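Below is one structure; the comments refer to it alone.
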Ligand SMILES: [Zn+2]
């Protein structure tokens, strides 16, 4: 596990309110900006991690953190943890994330001490085992709550880092939970070094999860447009229509007022529906996918609006054919994922 500690990245930190550099003093972490509120009072600290949030613009409240609580995630009891494990098995491991993690590790192998920022890294995403195990990577984790996988607490809308701080950013199952995904991707673009990489995977056909903190869904096209300031290395679907149907079933059961636990148990016997993702039509699945992923490289040239219409048809071609045309040619050192159909 190579999650970096705060002292190792102090020089990269910037104030989420005024973008000035930060300074560690005896009584806490301060902003060096002369007019900044965090110049007088230190940033809050939770479990030894600073809370680098601009509460003036964030959906999160200062009072929540000041009371020692954290938003979104409540600690799960044993039944909750067991149920979570069941649910993971129901939907299967995220194979594209696993493959893209391997690609990312490979393409950063030539960079000594490559730094990867994991936005929403409070819990390890499905398929990220290799990413966290890679001895060649230094991982900086951030989330809106501190865990052993995070370095600091922050809001993705104001990434508290200097421009060009990271060789790659990994953001998995997060962009649906942020109020302004475009702003978050703009921030990602800013903190990535020139030529740096981004991997994102985001739900498409999934019902509301995370309660009040669930705002968006993305089709393959919508997701590509979100990352229009990046050149595409690979993109595709995560889980096909079968996985989406399992999600619908669970929420169908929930619609009777049965809770999440009972609804999950009632859905379990239908786990086999997801295996149809292996045999159903790749092109049709992209219209009904459970999620979408994008692996790209920071670019200074944005995609044009007209190109996004063409993109839909290009992505329906077989990956091999697309690569042969050069429409989605993998960059040096990267391997394109032929598994467009997703999770399995
Ligand atoms: Zn400041």
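Every read-out reported here was derived from the displayed coordinates using simple, explicitly stated rules and does not represent laboratory data. Note that the structure is a prediction, hence the values are computed from the model and not measured. A quick note on method: Cβ atoms are made from the backbone with ideal geometry, for glycine too, and the neighbour counts reach across all protein chains shown.
When both bridge partners sit in segment 78-325, DSSP labels roughly 45% of those beta bridges antiparallel.
Shape class of segment 11-66 from the Cα gyration tensor (axes a ≥ b ≥ c, square roots of the eigenvalues): oblate, since a/c reaches 1.5 or more and a/b does not exceed b/c.
Between 0 and 90 degrees, the angle of helix 78-91 with respect to the longest Cα principal axis of the chain falls at about 40 degrees.
With respect to the chain, whose longest principal axis is taken over its alpha-carbon atoms, helix 181-191 is tilted by about 60°. Between segment 1-50 and segment 213-227, the C-alpha centres lie 31 angstrom from each other. Axis of helix 95-107 versus longest Cα principal axis of the chain: the two differ by about 50°, to the nearest ten degrees. Principal semi-axes of the equivalent ellipsoid, √(5λ) from the alpha carbon gyration tensor of segment 121-267, are 29, 18, 15 Å from largest down.
Each part reduced to its alpha carbon centroid, segment 235-266 and segment 116-135 end up 25 Å apart.
Our summary gives the chain a relative contact order of 18 percent, counting only alpha carbon pairs under 8 angstrom and 6 or more residues apart. In this calculation the C-beta distance from residue 287 to residue 207 is compared with R0 = 30 Å, giving a FRET efficiency of 0.95.
Ellipticity at 222 nm from helices only: DSSP H runs of n ≥ 4 in the chain, each -39500 (n - 2.57), divided by the residue count, give -8500 deg cm²/dmol. Can you give me the C-alpha center-to-center distance between segment 195-211 and segment 172-193, rounded to a whole angstrom? Result: 10 Å between the Cα centres.
Would you list 231, 255 from fewest to most Cβ contacts within 10 Å?
Exposure proxy ranking, most exposed first: 255, 231.
Counted residue by residue at 0.36 nm each, then reduced by the alpha carbon distance between them, the extension gain from residue 309 to residue 25 reaches 97.0 nm.
What order do you get for 275, 145 when you list them from fewest to most C-beta neighbours inside 10 Å? Present the calculation step by step, with values, prior to reporting the outcome.
Values: 275 14, 145 21.
Lowest to highest Cβ neighbour count: 275, 145.
P(r) tail for the chain: Cα pairs beyond 25 Å make up 53% of the total.
Mind sorting 26, 317 by how few other Cβ atoms lie within 10 Å of their own Cβ, fewest first?
26, 317
Note on residue 190 and residue 215: the model spin-label points, each 7 Å out from Cα along the C-beta direction, lie 1.6 nm apart. Dividing the mean sequence gap of close Cα pairs (under 8 Å, 6+ apart) by how many residues segment 11-66 holds gives a relative contact order of 23 percent.
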